[in-house]
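Worksheet for the structure shown next.
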Amino acid sequence: VVKFRRTGESSRSDEDGISGEHEVQIEGVRTELEPVELGDGAAVPKEFANPTDDTFMVEDAVEAIGFGKFQWKLSVITGLAWANAMEMMILSILAPQLHCEWRLPSWQVALLTSVVFVGMMSSSTLWGNISDQYGRKTGLKISVLWTLYYGILSGFAPIYSWILVLRGLVGFGIGGVPQSVTLYAEFLPMKARAKCILLIEVFWALGTVFEVLLAVVVMPTLGWRWLLILSALPLLLFAGLCFWLPESARYDVLSGNQEKALATLKRIATENGAPMPLGKLVISRQEDRGKMRDLFTPHFRWTTLLLWFIWFSNAFSYYGLVLLTTELFQAGDVCSISSRRQEVKAKCSLTCEYLTEEDYTDLLWTTLSEFPGVLVTLWIIDRIGRKKTMALSFLVFSFCSLLLFLCVGRNVLTVLLFIARAFISGGFQAAYVYTPEVYPTATRALGLGTCSGMARVGALITPFIAQVMLESSVYLTLLVYSGCCLLAALASCFLPIETKGRGLQESSHKEWGQEMVGRGSHSPGESQE
């Protein structure tokens, strides 16, 4: 039997060495101490902020303070960084425009897209390492300012080689933006974490929708250069507001900066109008942060390898579906696609076709399928868990891909593609929830960064399947995507750790979830009050 005190404000000084039970009078709250029976290894009940050993961890403070005004502000600011989807969406708009204006051959147009993914792939691990070594806020600020600078500079590119280099540098910066999820997750209480991370993913979808609408207005009048400049607006807003962002208290504790961590927690408590836990903040300093070897310790080796494949499959299938959608819509159905590819081959590679109003409308509708994906994932992720949510998303995508083998009409084709994209984007979002939760603070940013890098490998490879292999066999192409997602569903089920209902681990030197199991180790004869 272990006794806990409920969270409350106390005027006790840190030097008060009086032992025994202390009661705190709070209006409307029962303050008598209650015995609570815990089984061996059972998690500490969340209604109790911290045990009465006069110490607490960041996890205790975050749970006690709860979700409030601070997290709402953080959601908006983090979402602005996540709206960099505009920099990705612009690729589908910029490519045909430069193809016509600069008379670029098809391979040079394709290279404009590839160079962004190469930049993202090469930098994701680096940004993760910077965020673990020097702080989440530091890594995020540098990556966003980098992306903003080169994004605006792209609008002044005089020739093709310049814009190729500049867009590659933009991709290098975008590789660090997922670290906004790391910073965001570390300030969220357990019950709100999955829902909130999924909801900032909405900013990605909003960014893509805003980019299409911006292109409709800007492209006919001001041209692509102004579109590139104006697309940096969300990042410009973030750059102005990022000075409000605090450093992660979890990172400060791990780097030994107790006073800064405590000041951050007190600031959050003040903004939320909630009391701080009693006692002193526990420091679990760890110098060797952001080390690749920590991703391959016995506790995390299989998790890392399986997550890399899951992230690879997510991006491989997601971007593959985006490319296939255009081909399938233009052909009408799977059965007509082969004959259409022969007609396209006969055309000159320099044939110029500007985007029409109908093209922009199609782009908008396909983008809107992201929102149902968020809603479905939001509904099931806390019901069935993270692993099963990812597995279900992959299975539904795989099933829809197999149904495309049938020569269905345009309406049924649209429904199948819509469902497939909704679920694969939902699976991607579930991976963004699971990954920061499963890794400890010391390697959380690096773990997310390496997974993001593997996703870019999938995005780089998928055009060779969705476009090159498609010319040989549409059925083989669909089989590759379906098979890949079936394997990813199995990988999701085999993940060793389910993070639903668990706290975030602080140090990589402890067993997973140790912080969430009762405080301290006591001999059988001891009791803690």
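The values are calculated or read from the model by the stated rules, or taken from the named source; none is laboratory data. The shown structure was predicted, so the numbers you read here are calculated from the model rather than taken from an experiment. Neighbour counts are summed over all protein chains in view; Cβ atoms, including those assigned to glycine, are modelled from backbone coordinates with ideal geometry. We work out accessible area using only protein heavy atoms, side chains counted, and drop any ligands, DNA or RNA first. Shrake-Rupley method; radii C 1.70, N 1.55, O 1.52, S 1.80 Å.
Extension gain for Leu241 to Arg301 (0.36 nm times residue separation, less C-alpha to C-alpha distance): 17.8 nm. Using a cut-off of under 12 Å, list every residue of the range 119-135 whose amide N is near the label point 7 Å from the Cα of Met292 along the Cα-to-beta-carbon line. Backbone N within reach: 125-126, 129.
Over 18 Å between Cα atoms: which of Lys195/Lys387; Lys73/Lys500; Lys73/Lys260; Lys73/Lys137 fall into that group?
Numbers: Lys195/Lys387 15 Å; Lys73/Lys500 25 Å; Lys73/Lys260 20 Å; Lys73/Lys137 15 Å.
Exceeds cut-off: Lys73/Lys500; Lys73/Lys260.
Label-to-label distance, Trp379 versus Asp54, with points set 7 angstrom from Cα along the beta-carbon direction: 5.2 nm.
Compactness ratio for the range 53-283: Cα radius of gyration over 2.2 N^0.38 Å (N = residue count) comes to 1.16. If you take every residue apart from Gly426 with its C-beta less than 11 Å away from the C-beta of Gly426, what net charge results, scoring Lys and Arg +1 and Asp and Glu -1? Value of the local net charge: -1.
Remark: the range 53-283 carries a charge dipole of roughly 400 debye about the Cα centre, counting +1 on each Lys and Arg Cβ and -1 on each Asp and Glu Cβ. Panel note: the C-alpha atoms of the range 158-253, placed on their principal axes, show extents of 48, 26, 20 Å (largest first). Provide the FRET efficiency to the nearest 0.05 for the Arg103-Met469 pair, computing r from the beta carbons and using R0 = 22 Å. In this case the efficiency is close to 0.20. Heavy-atom accessible surface of the range 53-283, averaged per residue, reaches 35 Å², computed with a 1.4 Å probe.
Assuming R0 = 56 Å, what is the FRET efficiency of Leu406 and Val165, from their Cβ-Cβ distance, to the nearest 0.05? So the FRET efficiency works out to roughly 0.80. Mind giving me the FRET efficiency for Leu476 and Thr138? R0 is 41 Å, r the Cβ-Cβ distance, nearest 0.05 is fine. About 0.30, to the nearest 0.05. For the pair Arg267 and Leu490, the difference between a 0.36 nm per residue extended length and the Cα-Cα distance amounts to 75.9 nm. The length gained on full extension between Phe371 and Gln258, counted as 0.36 nm times the residue separation minus their Cα-Cα distance, comes to 36.6 nm.
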